[in-house]
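Q: Below is a structure I'd like to ask you about.
The values are calculated or read from the model by the stated rules, or taken from the named source; none is laboratory data. Please read all numbers here as calculations on a predicted model, not as lab measurements. Backbone-built Cβ (ideal geometry, glycine too); neighbour counts: all protein chains shown. Heavy atoms of the whole protein, side chains included, go into the accessibility calculation; ligands, DNA and RNA do not. Shrake-Rupley method; radii C 1.70, N 1.55, O 1.52, S 1.80 Å.
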Amino acid sequence: MNLSPLQEARYVYQPKLPGMLRNGISEISVKIGSETSSVADQDKIKELFPNTYGKCEITFEKGKNTSEHKKQVVGVILSGGQAPGGHNVICGLYDALKATDPDNVLLGFKGGPSGLIDDDFIEFDDEFINMYRNTGGFDIIGSGRTKLETVQQFEQVTRVAKKHDLNAIVIIGGDDSNTNAAVLAEYMAAQGTGIQVIGCPKTIDGDLKNEDIEASFGFDTATKTYAEVIGNIERDANSAKKYWHFVKVMGRSASHVALECALQTQPNVCLIGEEVADMKWSLAEIADHVADSVAKRAAKGDNFGVVIVPEGIVEFVPEFSVLIAEINELLAGESGEEFNKLVDWASKEHFLEDGLSQNSMKLFALLPEFVQKQLFLERDPHGNVQVSLIESEKLLSAMVADNLRKRKKRGAYNGKFSPLHHFFGYEGRCAFPSNFDADYCYSLGYNAFMLIQYGYTGYLSKVSNLAAPAEEWIAGGMPITKMMNIERRNGEDKPVIRKALVELDGAPFKYFAEHRKKWATDTCYTYPGAIQYYGPSSVCDVTTKTLALEQG
């Protein structure tokens, strides 16, 4: 295999572990914390998870390892969308297994949860693992989005697990995947299988976090990757001085990626969905907000700029959110099948007229036809509208152009507006992990084995104090049920992990809000450049702006 010089160099990079995990596995003990309860809907969650609810948080510290020594056979899957660092979670898990006992076994099930069902796996060894250390992507075993939710699936996973004498299953994924982990852990405990289930927090969207989980892995690398390209676009805009760039970035349900990219690059406008929802802005008001920046810059002779848009922005617009909710409910079950059988667009519009409220239909009629049709593209696994498929950046720029035409007619604007559009998503999901993500992910995997060795199940691998040097990171675990609540999915109430939204009273947003007025009119662009892997720690190991501001 032909390797790039960087790939060869990254193979030999040794990720940094938290101090208490560097002592040697025989010198790692457990400190028991307080009992937990779910973030909401406590009675319902407790009823659904009677065997795994309310367990204590734990922290690992230096001391005698009191766990029972036995041969460990562990299965691991990658679940959901890719995120930089996933390979290192598996490498950390593998190294901890082998450091404890060379006879321990790690099986990688291919293609996500379906690999567990289909018994499609590979047994890892040193030679194979070494080809994936510190590299991006999920190609070591692939990923998938199969949901583990039926008794038949659980029974099949149990059969496969018992066939291989698995002691534990590690699920590396986001909020939905770790919801699967919690449900599977509850089933295994209820059936007395003795098979543990451990989760690891992954998502570049940054919305799998709380007071315990300070960051999901991949967010650091992805935002730095996007910020590099946004910085390049800003420099191009400042050079050509003739285009307004509308940049959509990942983040359907939360605007963490957009906010972090704005903190790194200081664009003229960055929309934060959570603020849009809080202010109850309409689409027209959002367009007016952007057009204000365009007009003020044009008055200074600057007919160029950069706007960052989170991919889920329309879902935060109250009127649009209601429309999407009505469509999700309308197309659930048999009604959805009936809609899909309709051949022409006119018939589908008549179907919607009968099923949507008057206000939602009025809004629907105002949308460009290309946006209307994008609302009915392939549904997500929950049967909901895939907001990421809506070209919101093009919708927004079209509305801004219309706003500016009206301003020009009344003499309130006399500039030029030439929009260009970008969507940065897949470009960041499989990048070479930053040193932070390489270290963090390796620690999460190593720590996951410690949870297994001490017999925990239904827990999420947890590494905190992440703004400090890795030596000062704190490793432990938390029950997944602590993060759960009840939400409406595909027409039914389901237990799910609550997504973490941008906090408008949090330090990152406050910093952004304090500076955006100047950014809107002046050219204050900053250019982060490419991720650096070798050099001063102040350059190579720096955390995200979000994490630095949150932790002071």
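Q: Under the Kirkwood approximation applied to all pairs of distinct alpha-carbon atoms, what is the hydrodynamic radius of the range 147-301 in Å?
A: About 19.0 Å, per the Kirkwood formula over Cα pairs.
Q: I would also like to ask the following. Which value at 222 nm does the chain reach when only helices count, each DSSP H run of 4 or more adding -39,500 (n - 2.57), with the total divided by all residues and rounded to the nearest 500 deg cm²/dmol?
A: Computed mean residue ellipticity for the chain: -13000 deg cm²/dmol.
Q: Taking a ≥ b ≥ c as the square roots of the eigenvalues of the Cα gyration tensor of the range 321-453, is the shape rounded (a/c under 1.5), prolate (a/b larger than b/c) or oblate?
A: It comes out oblate by the Cα gyration axes.
Q: Counting residues in the range 302-374 as N, plug N into 2.2 N^0.38 Å and put the Cα Rg over that result.
A: So the range 302-374 has a normalised radius of gyration of 1.32.
Q: To the nearest 10 Å², what's Met250's accessible area with a 1.4 Å probe?
A: Surface open to solvent at Met250 totals about 20 Å².
Q: Sorted from largest to smallest, which semi-axis lengths in Å does the alpha carbon gyration tensor of the range 381-425 give for its equivalent ellipsoid, taking the root of 5 times each eigenvalue?
A: After diagonalising the Cα gyration tensor, the semi-axes are 31, 12, 4 Å.
Q: May I ask you to list the residues of the range 308-330 whose amide nitrogen lies under 11 Å from a point 7 Å from Cα along the Cα→beta-carbon direction of Glu285?
A: Residues 317-319 fall inside that zone.
Q: In Å and from the alpha-carbon atoms only, list the Rg and Dmax of the range 284-344.
A: So, for the range 284-344, Rg and Dmax equal 18.7, 57 Å respectively.
Q: Quote the charge dipole size of the chain about the Cα centre in Debye, to the nearest 20; the model charges only the Cβ of Lys and Arg (+1) and of Asp and Glu (-1).
A: Dipole about the Cα centre, nearest 20: 1640 debye.
Q: Given q = 0.12, 0.13 Å⁻¹, what are the Debye log10 I(q)/I(0) values for the range 1-147, with equal point scatterers placed on the Cα positions and solvent ignored?
A: Log10 of I(q)/I(0), two decimals: -0.70, -0.81.
Q: Taking the Cβ-Cβ separation of Ala40 and Asn238 as r and a Förster radius of 51 Å, what is the calculated FRET efficiency to the nearest 0.05?
A: Plugging the Cβ-Cβ distance into 1/(1 + (r/R0)^6) gives 0.65.
Q: Also: When every alpha-carbon pair in the range 224-308 is counted, what percent end up more than 20 Å apart?
A: It works out to 36 percent of all Cα pairs.
Q: Fully extended, how many nm does the chain gain between Lys409 and Glu349 (0.36 nm per residue separation, minus their Cα-Cα distance)?
A: Computed gain between Lys409 and Glu349 is 18.2 nm.
Q: Follow-up question, since we're still on this one. Using a 1.4 angstrom probe and counting only protein chains, how large is the accessible area of Glu334 in Å², to 10?
A: Surface open to solvent at Glu334 totals about 150 Å².
Q: Mind checking the angle between helix 175-190 and the chain's longest principal axis? C-alpha axes, 0 to 90 degrees, to the nearest 10.
A: Around 30 degrees separate the two axes.
Q: How many angstrom lie between the C-alpha centres of the range 48-94 and the range 359-429?
A: Value for the Cα centre distance between the two parts: 42 Å.
Q: Next question. Give me log10 I(q)/I(0) at q = 0.10 Å⁻¹ for the range 116-236, Debye formula, one equal scatterer per alpha-carbon, no solvent.
A: Each listed q maps to, in turn, -0.42.
Q: In addition: Would you kindly compute the Cα radius of gyration of the range 496-544 and its largest Cα-Cα separation (Dmax), both in Å?
A: Every Cα atom of the range 496-544 included, Rg and Dmax give 15.7, 43 Å.
Q: Oh, and also: Using 7 Å Cα-to-Cβ label points, what is the Asn2/Ala513 separation (nm, one decimal)?
A: In this crude label model, Asn2 to Ala513 measures out at 5.3 nm.
Q: Keeping every protein chain in place, order Thr59, Thr544 by accessible area at 1.4 Å, biggest value first, i.e. largest first.
A: Correct descending sequence by accessible area is Thr59, Thr544.
Q: Where does the chain land on Rg/Rh, using Cα atoms and the Kirkwood Rh?
A: Reported Rg/Rh (Cα atoms, Kirkwood Rh): 0.99.
Q: Spelling out what I want: for every residue of the range 162-171, take phi, set θ = phi - 60°, compute 6.51 cos²θ - 1.76 cosθ + 1.60 (Karplus), and round to whole Hz; glycine and proline get x.
A: 5, 4, 9, 6, 5, 8, 7, 10, 10, 10
Q: Sticking with the crude label model, points 7 Å out along Cα→Cβ, report the distance from His69 to Ala530 in nm, one decimal please.
A: Distance between the two pseudo-spin positions: 4.8 nm.
Q: Now for a separate question. Within the accessible area of the chain, what % is carbon and sulfur when the probe is 1.4 Å and the other protein chains stay in place?
A: 48 percent
Q: With the calculation restricted to Cα positions, what are the radius of gyration and Dmax of the range 252-358 in angstrom?
A: Answer for the range 252-358, Rg first and Dmax second: 18.2, 57 Å.
Q: Anything over 28 Å Cα to Cα? Flag those among Lys248/Lys341; Lys44/Lys280; Lys16/Lys248; Lys300/Lys409; Lys280/Lys394; Lys462/Lys518, in the order listed.
A: Exceeds cut-off: Lys248/Lys341; Lys44/Lys280; Lys16/Lys248; Lys462/Lys518.
Q: Can you run the Rg to Rh ratio on the range 327-368? Use alpha carbon positions and the Kirkwood inverse-distance Rh.
A: For the range 327-368, the value is 0.96.
Q: Calculate, in whole percent, how much of the Cα-Cα pair population of the range 64-184 lies beyond 24 Å.
A: 24 percent
Q: On to the next question. Could you tally the net charge around Pro419, taking each other residue with its Cβ under 9 Å from the Cβ of Pro419, Lys/Arg +1 and Asp/Glu -1?
A: Combined, the nearby Lys, Arg, Asp and Glu give 0.
Q: Points 7 angstrom from Cα along the Cβ direction at Glu378 and Glu211: gap in nanometres?
A: 4.0 nm
Q: May I ask for the equivalent-ellipsoid semi-axes of the range 406-539, computed as the square root of five times each C-alpha gyration tensor eigenvalue and listed largest first in whole Å?
A: 40, 25, 16
Q: Over the range 172-252, what number does the Rg to Rh ratio reach, with both radii from the alpha-carbon atoms and Rh per Kirkwood?
A: Taking Rg over the Kirkwood Rh, I get 1.26.
Q: Now for a different question. Give me the 1.4 Å probe accessible area per residue for the range 260-363, excluding ligands and nucleic acids, in Å².
A: So the range 260-363 comes to 41 Å² accessible per residue, rounded to a whole number.
Q: Moving to a separate point now. Just to confirm my numbers, what's the Cα centroid distance between the range 248-292 and the range 478-545 in Å?
A: With the range 248-292 and the range 478-545 each reduced to a Cα centre, they are spaced 13 Å.
Q: Right, here's the next one. Which shape class applies to the range 396-456: rounded if a/c is under 1.5, otherwise prolate when a/b exceeds b/c and oblate if not, where a ≥ b ≥ c are the square roots of the Cα gyration tensor eigenvalues?
A: Prolate shape, in that a/c is at least 1.5 and a/b is the bigger ratio.
Q: On to the next question. Regarding the range 83-127, what's the average projected area of the Cα-atom convex hull, expressed in nm²?
A: Directional mean of the projected Cα hull area for the range 83-127 stands at 3.6 nm².
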